[in-house]
1. If r is the Cβ-Cβ distance from residue 30 to residue 253 and R0 is 41 Å, what FRET efficiency results, to the nearest 0.05?
2. Share of antiparallel DSSP beta bridges in region 266-386, in percent to the nearest 5?
3. For residue 44 and residue 144, compute 0.36 nm times the residue count separating them, minus their Cα-Cα distance, and round to one decimal in nm.
4. Packing-wise, with mean Cβ within 10 Å as the measure, how do 84-91, 104-111 rank, highest first?
5. For Cα pairs less than 8 Å apart in space and 6+ apart in sequence, what is the mean separation divided by the residue count of the chain, i.e. the relative contact order in percent?
6. Using alpha carbons only, how many degrees (0 to 90, rounded to 10) separate the axis of helix 66-80 from the longest principal axis of the chain?
7. Helix 130-143 versus the longest principal axis of the chain: what is the Cα-based angle in degrees, 0 to 90, to the nearest 10?
8. Determine the gain in length on full extension of the stretch residue 207-residue 287; use 0.36 nm per residue of separation and subtract their C-alpha separation, reporting nm with one decimal.
C-alpha cells in the first residue's frame, strides 16, 4: 500500500445558466402559488448568490439526469486533457445523494454515458461524504496496485426534489422561529434555498504527468458518529414524533397519505446540525487526526472547507480555534457563493477551481474538510502539489 496516488486532472460541469436569488422561486415554483417568507431569511444567512439547476427554467422539465451530469464532468477532463483516456481506467467510483434510480447503481448509470469506460464500477451512497468514500476506494485501489488509473465523480440533482410540486405551504410558526434564530430547524424548505445541481470529477493514477499541476493524495481519513447521533438529514422516509424515521417502503403500507407525500423530500434538522456538526466533525475528528498525524495549521497553504451555508463559516473557524488548529480565513477557498451547495460534488469542484485559478507551487499542501450531517460523518484529505 505504498504506491503514490496523484490527481492528474479535474473537471466541473454545472448545468444551464446560473440562477440568481431573484429567480429561484420562478424556476422552482411557489407551492400553491404562495411566495416563500423563508427564502430571504435563509438566503441572507447562506450568502449564496447564484446556483445551477438541471431543469428547464420555464417548464421545470429535466434537462440532465444525475448520471449525465457526472459523465459530462468526466468529459470535461477528457476534453481538456487529450492525453488521458478512459481506455486506461480500471475503476470508476461514483458518489451521490440523489441517484436517478434506486436500482441499478449510480456508477452503472454514469458508465452508460461513457462508451470508452470498460473497467470496474462502484457506487457509494450517503450525502456529501459519498463522493469521498468513492475517492478513498479509488485511492486505495491504486495504492495497493490493483489499479493504475481511476476516475471518481460526485454529482447532484437536488432541484428535482425542490420543485414546487413536492411542497406544501409553509408553516407560519416555523417561519417566525426562523426569523428569530438563523439556526432553527425549518424542515425541507431550509434546504430549498441552498442546494444546487452539478458534478465534479477527478482522474487519478500512479504517475504524475509531466508539464501539469498534479496533486498527490497523501492521505484520506474519515470518521462516523452514527452510533451516537440521531438522523439529521434524510430523504426516503418520515420523521415520527419520537424522532425515529419510518422508511418509505413501510409508509406505503400505512395508508397515511400525508406522511407518504413527504417521504421523498430532503429534510434536515438544523438544531441537531448546529449543536453536533462542530463537535463531531472538528472538535473530535480533526483533533484526533491532527494528533495522530502530527499536523499543524502552518502545514497548509490552502484550506478547502465544505460548509453548507455562510452561517457555518464562523462556526467552523471558532471550532478550529478551540482545538488550536486555526487556519486563517485568507487561506480558505470555496465556491459556495457562486455555485451553491452541490453536496457530494462540492469538494471536487473546489479542487478543480483551485487548480485552475490559483498559482499553486510544488510542495504546497491543501487540507480538505468534508462533513456530512446525514448521521454525522466527516472526511479529511491532504493533497500536495507536485
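FYI, it's all coordinate maths here, none of it is from the lab. The structure presented is a predicted model; accordingly, all values stated were derived computationally and were not measured. Every residue, glycine among them, receives a Cβ derived from its backbone with ideal geometry; neighbour counts consider all protein chains shown.
1. The formula returns an efficiency of 0.80 here.
2. 60
3. 31.3 nm
4. 104-111, 84-91
5. Relative contact order of the chain: 25 percent.
6. Roughly 30 degrees, rounded to the nearest 10.
7. Value to nearest ten degrees: 20.
8. Going from the current span to full extension adds 25.6 nm.
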